[in-house]
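The values are calculated or read from the model by the stated rules, or taken from the named source; none is laboratory data. Keep in mind the model is a prediction, meaning the values are calculated, not measured. No Cβ is skipped: glycine too gets one built from the backbone with ideal geometry, and neighbour counts run over all protein chains shown. Calculation scope for accessible area: heavy atoms of the full protein, side chains included, ligands and nucleic acids excluded. Shrake-Rupley method; radii C 1.70, N 1.55, O 1.52, S 1.80 Å.
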Amino acid sequence: MAEKKKRLHMSERTVEDRIRDFEEVPLGYTPEQAMEEARRCIQCKNPLCVKGCPVEVKIPEFIQLVAQGDFDAAVKKIKETNALPAICGRVCPQEEQCELKCVLGVKGEPVAIGTLERFVADWERENVKIRPQTTEHGAQITGKAKVAVVGSGPAGLTCAGDLARLGYQITIFESLHVTGGVLNYGIPEFRLPKAIVNLEVEYVKTLGVEITTDMLIGNVYTIGELLKEYQAVFIGSGAGLPKFMGIPGENLGGVYSANEYLFRVNMMKAWKFPEYLTPVKIGKKVAVVGGGNVAMDSARVSLRLGAEEVYILYRRTKEEMPARIEEIKRAVEEGIVFKILTLPVQYHANSEGWVNEAECLQMELGEPDTSGRRRPVEIPNSNFRLSLDTVIVAIGNSPNPLIPTRTPELKTEKWGGVIVTPEGMTSLPKVYAGGDIVRGAATVISAMGDGKVAAKAIHNQLSKS
Amino acid sequence: MNKILKKEKLNESVSRILIEAPHIARAARAGQFVVVVPQENSERIPLTIADFDRTKGTITIIFQIVGATTAVLNSLKEGDEIAHLLGPLGVPSHVESLGTVVIIGGGVGIAEIYPAVKAFREKGNKVITIIGARSEDLLIYREELERQSNLFKITTDDGSCGRKGFVSDELKDLIAAGEKIDLVIAVGPVPMMKVCCDVTRINNIKTLVSLNPLMLDATGMCGICRVTVGGKVKFGCVDGPEFDGHQVDFAELTGRLKAYKDVEKKAYDHVCRLLGGSNL
């Protein structure tokens, strides 16, 4: 057995170096580092890490291949169950999933599974040309069953990839002009480079998946119309609807939803304005409302666009923030100011109708609520004003209502989520759904897990008939 | 895909293009719009579907050169392809048989009322159309609209064509003359729509306006198009573009439309340099 070694952490770019550009922050492993870290894995007979992975990546097997230096075999092993490893290696919350279950974590630090996944995916990108794929059971099914997938985000790409590997003819319909969904419009370049997203999408295309962009299902073709052409439909249309607080002044100039702000920057490349024609206006003092990953992303984007002071306004404390610990850590390092226990209640404007102050209440933590987190309670008469010129509201998104509105037979929860069985089946026969359209705003990997589950169910249904 | 089949200049700053778009033509209805991305680096801009032909698989859009992306769109020629075209978007107009419908268009809004004029006429309504612009050379779609209307009125600010004055003056006169109006639809610049609503509010005539807030994805994701209607926040792209004009907060809309005015100039200048000013 290998002697007990400490977990190897990736090196990162220095704060001064990184906060003025959109390049990635962590630098990844060298092959030597990857092999060294991989050797820490004790190859459990009953690996708990795999149980923590929504897409059941064969973790000990791929890590053993890394330890042996066979990176090509390692990436193939991952891709048996996960078509998007370069993405998962970067944005999965491994600390809550595979790495949380790793037995090394009981006494020390778990194996850096996510970093290893990232390493092999990056190694492949740099060393292997995309290879044409062969299907597993192609012979039986090819040319017969057709499945439509709505949305090219993580749920749709995974469902499409899995079904294509089984030999189905898949068409993905994407409403935007760029593929990838939230991977493209939501997560910033410095956390998930768009070149990587595009390559992973290209990989899914090599499996035989066709992607049609600029096609809004619901408006152009209804789900019912798709079913005349396709034997099954998977809806992965995401959590598109931004939430607002409904407080006075939220419609003033300078108040963005995080969706709008990130869409301008990530998808429309407003950071390259005017080479790209979509503008974004960023002031000197920016307040981001919320404590999730999207809030951290919005704050760190603001800094990179030249804001002088960036605040996070959050009504609880850092401990209750839903953002990943490493994202909070990087935001703090970069100089984002955390104003915790702070709740905006109104925005005030200058004479031009542009926001110039946030009126906030000071909060304190009370008893735990149903989510298990301590409930924030207002301190009476604690109002104070924060001077600023940009507000980004990052308090979450609801499921995109477009398809449910146009498909009245599709049953939804009161809060908008499409209701599905554990297999991903909706109330409509032959129609499946997964990802944020079902869960509300969740994670990339849970969406991928849903895509996988639905692909399995669709295969079961279609191979029976 | 998205090939420009025909392009015409309607006046100094307004062009009409016929685009091959069978999917959109198939599903389009009066009152809806498309998002146009003329080239890969362009903005996503919303433009009203001014006409569609399901059998030929074409749509018509009319646009005014007001900024960088419309300038790029205008630089495309017949035979060129538009990089991205998404639609139909928005809630279609609710077209029904009501009796007398007054449809008002101002500026480039004149072209945008054409599908509504056609649709309300087909439902057997008496359609009175009023169009207005600063001067005669800016009037578009005159013959098409006149042909479809029971009664057709023109106003110009300078009196170079039709009545000297505003569309709202013509509307006031219709009401004063005892015309029983069941619905007014107003499409055009925000001040024009607001004034029309002021006139109809005191006369208790239901009025629909087609709003033109800034948009980005135009599928309900970003919220930049939010407008306050009857005290509630609505998204112009998915809840609109048509709203009850008497409920719209026009002052807020005016403010939100100004958000990028200063930076837009920079993009426009950038595009003009690239295009060499040849098409403007």
(message) Take the conditions open to solvent by 60 Å² or more (accessible area, probe 1.4 Å) and at pLDDT below 95 and apply them to A:R385. Does it pass?
(response) no
(request) Would you mind stating whether A:L462 is outside any helix (DSSP H, G or I) and either touching a helix residue (DSSP H, G or I) at 6+ places or on another chain (Cβ under 7 Å) or not polar (S, T, N, Q) (or both)? (result) no
(message) Looking at region B:216-237 only, could you name the residues that are more than 7 Å from every other protein chain (Cβ to nearest Cβ), open to solvent by less than 60 Å² (accessible area, probe 1.4 Å) and either in contact with a Gly (Cβ under 7 Å, 6 or more places away or on another chain) or assigned to a helix (DSSP H, G or I) (or both)?
(response) B:C225, B:V227, B:F235, B:G236, B:C237
(request) Count, please, the residues in region B:32-46 that happen to be open to solvent by 20 Å² or more (accessible area, probe 1.4 Å) and within 22 Å of B:V238 (Cα to Cα). (result) 3
(request) Just give me the residues in region A:279-303 being within 12 Å of chain B (Cβ to nearest Cβ), free of Cβ contacts under 8 Å to residues at least 60 places away in the same chain and either closer than 21 Å to A:E357 by Cα or crowded, with 24+ Cβ neighbours inside 10 Å (or both), in sequence order. (result) A:V280
(request) Those residues that are at pLDDT below 95 and aromatic (F, W, Y), I need them from region A:394-441; list them, please. (result) A:W415
(message) Any residue that is of a type in the set (D, E), out of contact with any His (no Cβ under 7 Å at 6 or more places or on another chain), open to solvent by 40 Å² or more (accessible area, probe 1.4 Å) and within 8 Å of chain B (Cβ to nearest Cβ) - is there at least one of those in region A:260-270?
(response) no
(request) Could you identify the single residue in A:L192, A:L199 that is open to solvent by 10 Å² or more (accessible area, probe 1.4 Å), away from every other protein chain (no Cβ under 14 Å), out of contact with any strand residue (DSSP E or B) (no Cβ under 6 Å at 6 or more places or on another chain) and not charged (D, E, K, R)? (result) A:L199
(request) Just one of (1) in contact (Cβ under 8 Å) with a residue 40 or more places away in the chain; (2) in contact with a helix residue (DSSP H, G or I) (Cβ under 6 Å, 6 or more places away or on another chain); (3) among the aliphatic types (A, V, I, L, M) trips up B:A21, so point out which. (result) (2)
(message) Test of understanding: among B:G255, B:G240, which residue is surrounded by 16 or more Cβ atoms within 10 Å (Cβ to Cβ) and at the interface with chain A (Cβ under 9 Å from one of its Cβ atoms)?
(response) B:G255
(request) Only residues that are within 14 Å of chain A (Cβ to nearest Cβ) and either more than 17 Å from B:E8 (Cβ to Cβ) or under 10 Å from the mean Cα position of the chain (by Cα) (or both): list them for region B:53-70, please. (result) B:R54, B:G57, B:V66, B:G67, B:A68, B:T69
(message) Out of the helices (runs of 4 or more DSSP H) lying entirely within region A:56-110, which hold 1 or more residues that are among the polar types (S, T, N, Q) and open to solvent by 20 Å² or more (accessible area, probe 1.4 Å)?
(response) A:59-67
